[in-house]
Number of protein chains: 2
Amino acid sequence: MQIQFLCVGKMREKWLQVGFAEYKKRLSRFATISVLEVADSPDHFNPAVAVAKEAELLRKRLPKSGFKVALDLHGKAFSSLEFAKQLSDWQIKGGGKITFVIAGSNGYEQDFLDLMDERISLSPLTFPHQLTRLILAEQIFRGFKILNNERYHK
Amino acid sequence: MQIQFLCVGKMREKWLQVGFAEYKKRLSRFATISVLEVADSPDHFNPAVAVAKEAELLRKRLPKSGFKVALDLHGKAFSSLEFAKQLSDWQIKGGGKITFVIAGSNGYEQDFLDLMDERISLSPLTFPHQLTRLILAEQIFRGFKILNNERYHK
């Protein structure tokens, strides 16, 4: 089982890096986790230009195989139990490989979104995209625990 | 403007403490933030006993005045923009004081929930309650930025 996080921008804050590393370590029992970061566009870029530039970089790094899931405010919402079931389903459909894509603050280019197999939302609230990466890692860990019938503290 | 976090259990992980402290610092421009933690019950407690014990401790620390909001998986969901508007509304209704209550892994006692003015949900997904505290702090900060028409990075 391989899980890849394909993200726009770096995780700059140390505490987020530590938190994400913690979940990555916990997840290593269930899957091989990798993180690919592509450059986010400078603030002074026109948003449409920034999105196109970021999409170009994302496309270059997007794997040809596996199931592709974009994190998107307008994507499908799940309970943790439903998310666990999806995880199992995506794993099968992707031949053991899932790529989660997390866009930057400018969002996605429509053409890039069309390459995705699924679009999911963690919340109707907007979260910082670096925090999204951490929340997703926790939720994947929770999903594996649920699928393995293991106890997990909320 | 006073905002209180009333929580069951301690924030044990260092990276979460650092992240929460960061948002607390950022929020200090908009409000006085305080955190009150009551003891969570030991794991070996029967869940019903644990919930009753935690509710008793929460009731003792619950302020008499101000607007009271419980974080609850079955509460109302909002977009960040709607949440900002609610924040403004709760501030007025609470005479400048809002208390957010975050239960432990056992959830809430119904009698305690009945003391609340509102029940809100951050996501249909279940998050660890320590991470919930951090996500809420970020969202309150985002809310104030929205209310002040300030730019905010996603």
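The values are calculated or read from the model by the stated rules, or taken from the named source; none is laboratory data. Computed from a predicted structure; not experimentally measured. Virtual Cβ from ideal backbone geometry, glycine too; neighbours counted across all protein chains shown. Calculation scope for accessible area: heavy atoms of the full protein, side chains included, ligands and nucleic acids excluded. Shrake-Rupley method; radii C 1.70, N 1.55, O 1.52, S 1.80 Å.
Tabulated data
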| item | result |
| --- | --- |
| Region B:24-106, relative contact order in percent, only Cα pairs under 8 angstrom and at least six apart counted | 32 percent |
| Nearest-10 value in Å² for the accessible area of B:Ile92, using the 1.4 Å probe | 130 Å² |
| Inter-site label distance for B:Ala52 and A:Asp111 at 7 Å from Cα along Cβ, in nm | 6.4 nm |
| Angle between chain A longest axis and helix A:129-147 axis [Cα atoms, degrees, rounded to 10] | 20 degrees |
| Length-normalised contact order of region B:1-67 in % [C-alpha pairs under 8 Å, at least 6 apart] | 41 percent |
| Prolate/oblate/rounded label for region A:1-58 (Cα gyration tensor, a/c 1.5) | oblate |
| Percent of Cα pairs exceeding the 27 Å cut-off, where the set is region A:2-147 | 15 percent |
| Angle between chain B longest axis and helix B:80-93 axis [Cα atoms, degrees, rounded to 10] | 80 degrees |
| Per-residue HN-Hα couplings for region A:108-120 [Karplus 6.51, -1.76, 1.60; θ = phi - 60°; Hz; x = Gly/Pro] | 9, 7, 4, 4, 5, 4, 5, 7, 7, 8, 7, 10, 10 |
| Chain A, dipole about Cα centre (Lys/Arg Cβ +1, Asp/Glu Cβ -1), debye to the nearest 20 | 720 debye |
| Mean-position separation - Cα centroids, region A:60-105 and region B:87-113, in angstrom | 34 Å |
| Built amide H within the under 5 Å cut-off of A:Leu6, gap 5+ | A:Leu36, A:Phe100, A:Val101, A:Ile102 |
| Pseudo-label separations to other copies for A:Asp111 - Cα-to-Cβ vector, 7 Å, nm | 6.4 |
| Convex hull (Cα only) mean projected area of the protein assembly as shown, reported in nm² to one decimal | 15.5 nm² |
| For the pair B and A, total buried accessible area rounded to nearest 100 Å², probe 1.4 Å | 2800 Å² |
| Nearest-ten-degree value, helix A:14-27 long axis tilted from longest Cα axis of chain A | 40 degrees |
| Other copies of B:Lys10: label-to-label distances in nm, shortest first, labels 7 Å along the beta-carbon direction | 3.4 |
| Placed amide H near B:Asp40: partners under 5 Å, 5+ positions off or other chain | B:Gly9, B:Lys10 |
| Residue-normalised accessible area of the protein assembly as shown, expressed per residue, 1.4 Å probe, Å² | 46 Å² |
| Heavy-atom accessible surface of the protein assembly as shown: percent carbon and sulfur, 1.4 Å | 51 percent |
| Largest to smallest accessible area among B:His74, A:His129 [probe 1.4 Å] | B:His74, A:His129 |
| Chain B - percent relative contact order, Cα under 8 Å, separation 6 or more | 33 percent |
| Cut-off under 5 Å, modelled amide H: who pairs with B:Lys68 long-range | B:Thr99, B:Asp117, B:Glu118 |
